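Remarks on the structure that follows.
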Amino acid sequence: MNTFIANFNRYKPLLNELVVRDVKTKYRRSVLGVLWTLLNPLLMMAVLSVVFSNLFKFDIDNYPLYLLAGQVVFNFFSSSTTMDMTTIIDNAPLIKKVYVPKYMFVLSRTVSSAINLMASFAALIIVMLCMRAQLHYTAILGVLPIMALVAFSLGIGLILASFAVKFRDIIHLYSVLTTVLMYMTPVIYPMSSLPRIIRYIVRINPLTSILEMFRGFMIYGVMPDIFTTLMTVIPSAVVLALGFRVFYKNQDNFILYV
Amino acid sequence: MEDNNTIISVNDVSMRFNLAREKVDSLKEYIIRAVKGKLQYDEFWALNNVSFDVNKGDSVGLIGLNGSGKSTMLKVIAGVLKPTRGSVRVNGSVAPLIELGAGFDIDLTGRENVFLNGALLGRSRKMMQEVFDEIVEFSELREFMDVPVKNYSSGMLSRLAFSIATSGDADILIVDEVLSVGDFRFQEKCQERIHRMMDKGTTVLFVSHSIEQVEEICNKAVWLEGGKVRMKGDSKEICGIYKQSR
């Protein structure tokens, strides 16, 4: 563990550089530059909230916000894990030439996704202000489920990255899987609209709990119940630990497949 | 611990690669073959019980024909490959001369790439700032530092890559066939720099097909053949025998 920390410290500048590179190159040659990080989710949210204020009325208070919060959480999960999945393959030329702790590549992509997530988070608050929604003091606690979400996604990303090196068809399979997962998470529909059996299945999806907790803090100003809290914390920690374990077990073989 | 003078010690290293008879890289095929029991590999030992020590300040040339395991050996020493058996102990920082800037991001400028590349070698931004001017000076790319490297020529790229890798004071420099880049004037400059680093006590590991270069630069040599050490010792002597054997 001590060597792990020493090694991490040695390569911390690399994490920095990789994240800065991701953020910089994404909006290079655009007039507004990094501002797009915030502008992009903001505009998307504006469109969605206009559309869904008049369309699809579920029996929920503030449906546009309900949907937006769901999208912030789910989009982060799907985009960060999808990006993580191909990190080892994308960085193959480097991995073949120079020793770098390989999880750094995965971690850097998750961190840059998390920067986008924070921008979406800020955009959500701006939208809430524009819609004159009540801003609860619990909104500050919204970062807690976000932290769990980042840990959960990093764990899944590490596992996907390790397997995608060996089995490339996971990349295609996973895009289908994320669609399935989206419908198994109450992003666009309320839990109450589900038949009972399906509701149990959706309930044990850790993303559901993370999302419920996030919505509770952000939109409704309520504290999560014990079940939701446990279903947020435990799977996130377990998946993160499992992710590192799987990654470490496989990392010496990556070079043979890339 | 062995004596402090040993900077790299290679102990009985063997490296096995599994050559798949047919390339299986999809899950479906893997499962089908695993069920049918058809997952077969041809074993290939790229290195076989290789041992040698490198002393501090030595410059060691690895020589041998194509496929003799030179590059595999360097990768094992650089920590890129983990040996199947045996171990490698390295006491010090390694600066691999990554060929033609493998660590460059083509969308970033030369300046940004200096820091990115430095970070890949485990150096902090501050350390790179200290040697930044020296890098610019040596690579002769002052007016191009703020141009994205995708607009660089291959010569410019390798000049920058060489300057970054040899900046700072790494204990061990790994040179793999890179001296064939740039024009002859820059090649001379590179050789001169390697010599200067050696004078300062940097250990150099050198791989080249040009036996003359090995004789020129190195004082020790290890001759690999078919993944085994054929001979090791003084570079003049070994190079002489190697040349006659051809």
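Miscellaneous remarks
- Per the conditions (1) within 14 Å of another protein chain (Cβ to nearest Cβ); (2) crowded, with 19+ Cβ neighbours inside 10 Å, the sole criterion not satisfied by A:Y103 is (1).
- Unique residue being of a type in the set (V, I, T), in contact with a helix residue (DSSP H, G or I) (Cβ under 7 Å, 6 or more places away or on another chain) and modelled with pLDDT of 85 or more when the list is B:V222, B:V204: B:V204
- Residue check, B:G57 under 23 Å from B:I172 (Cα atoms), more than 10 Å from chain A (Cβ to nearest Cβ) and either assigned to a loop (DSSP other than H, G, I, E, B) or modelled with pLDDT under 75 (or both): yes
- Figure legend. Inter-residue proximity from the range B:5-23: first residues within 14 Å of chain A (Cβ to nearest Cβ), second residues surrounded by fewer than 19 Cβ atoms within 10 Å (Cβ to Cβ) and modelled with pLDDT under 80, beta-carbon distance below 6 Å, spacing 6+ or different chains. Indicated pairs: B:N18/B:Y41; B:L19/B:D42; B:A20/B:Y41.
- Among the candidates B:M156, B:M145, the residue that is within 20 Å of A:K97 (Cβ to Cβ) and more than 14 Å from every other protein chain (Cβ to nearest Cβ) is uniquely B:M156.
- Check on B:V131, without any contact (Cβ under 8 Å) to a residue 40 or more places away in the chain and assigned to a helix (DSSP H, G or I): yes
- Check on B:L62, away from every other protein chain (no Cβ under 14 Å) and under 20 Å from the mean Cα position of the chain (by Cα): yes
- Condition check for B:G182 on (1) at pLDDT 85 or above; (2) of a type outside the set (S, T, N, Q); (3) over 20 Å from B:D53 (Cα atoms); (4) buried (at least 16 other Cβ atoms within 10 Å of the Cβ): one failure, at (1).
- Against the conditions (1) charged (D, E, K, R); (2) more than 19 Å from the chain's Cα centre (by Cα); (3) over 24 Å from B:V10 (Cβ atoms), B:R196 satisfies every one except (2).
- Some residue of the range A:9-31 being within 14 Å of chain B (Cβ to nearest Cβ), closer than 21 Å to B:L121 by Cα and not in a helix (DSSP H, G or I): yes
- In the range B:138-233, counting only strands (runs of 3 or more DSSP E) that sit wholly within it, the ones holding 1 or more residues that are closer than 23 Å to B:T6 by Cα and of a type in the set (D, E) span B:172-176.
- The set of residues from the range A:225-258 being in contact (Cβ under 8 Å) with a residue 40 or more places away in the chain, away from chain B (no Cβ under 14 Å) and not hydrophobic (A, V, I, L, M, F, W, C) comprises A:T232, A:P235, A:S236, A:G243.
- Note on the range A:74-181: enclosed helices (runs of 4 or more DSSP H) holding 3 or more residues that are in contact (Cβ under 8 Å) with a residue 40 or more places away in the chain are A:87-90, A:103-130, A:143-166.
- Residues of the range B:100-119 that are modelled with pLDDT under 85 and at the interface with chain A (Cβ under 7 Å from one of its Cβ atoms): B:A102, B:G103, B:D105, B:D107.
- Filter pass, A:D90 being away from chain B (no Cβ under 14 Å), under 20 Å from A:V23 (Cα atoms) and of a type in the set (D, E): no
- Criterion violated by B:K126 - all others in (1) part of a loop (DSSP other than H, G, I, E, B); (2) surrounded by fewer than 24 Cβ atoms within 10 Å (Cβ to Cβ) satisfied: (1)
- Scanning the range A:45-65 for residues that are assigned to a helix (DSSP H, G or I), more than 17 Å from A:A133 (Cβ to Cβ) and touching a Ser or Thr at 6+ places or on another chain (Cβ under 9 Å) returns no hits.
- Number of residues in the range B:82-99 that are modelled with pLDDT of 90 or more and at the interface with chain A (Cβ under 9 Å from one of its Cβ atoms): the value is 0.
- Extreme residue, nearest to A:M218 (Cα to Cα), among residues of the range A:144-169 that are touching a Ser or Thr at 6+ places or on another chain (Cβ under 8 Å) and within 14 Å of chain B (Cβ to nearest Cβ): A:L160
- Checked against (1) under 18 Å from the mean Cα position of the chain (by Cα); (2) surrounded by 22 or more Cβ atoms within 10 Å (Cβ to Cβ); (3) facing another protein chain (nearest Cβ under 10 Å), B:V76 passes all but condition (3).
- Within the range A:1-33, being more than 25 Å from the chain's Cα centre (by Cα) and touching a residue at least 24 places away in the same chain (Cβ under 8 Å) holds for one residue alone: A:N7.
- From the list A:T185, A:T208, the one residue that fits, being under 18 Å from A:A148 (Cα atoms), modelled with pLDDT of 90 or more and not in a helix (DSSP H, G or I), is A:T185.
The values are calculated or read from the model by the stated rules, or taken from the named source; none is laboratory data. Being a predicted model, the structure only gives us computed values, none of them experimental. Here Cβ is always computed from backbone atoms with ideal geometry, including for glycine, and neighbour counts include all displayed protein chains.
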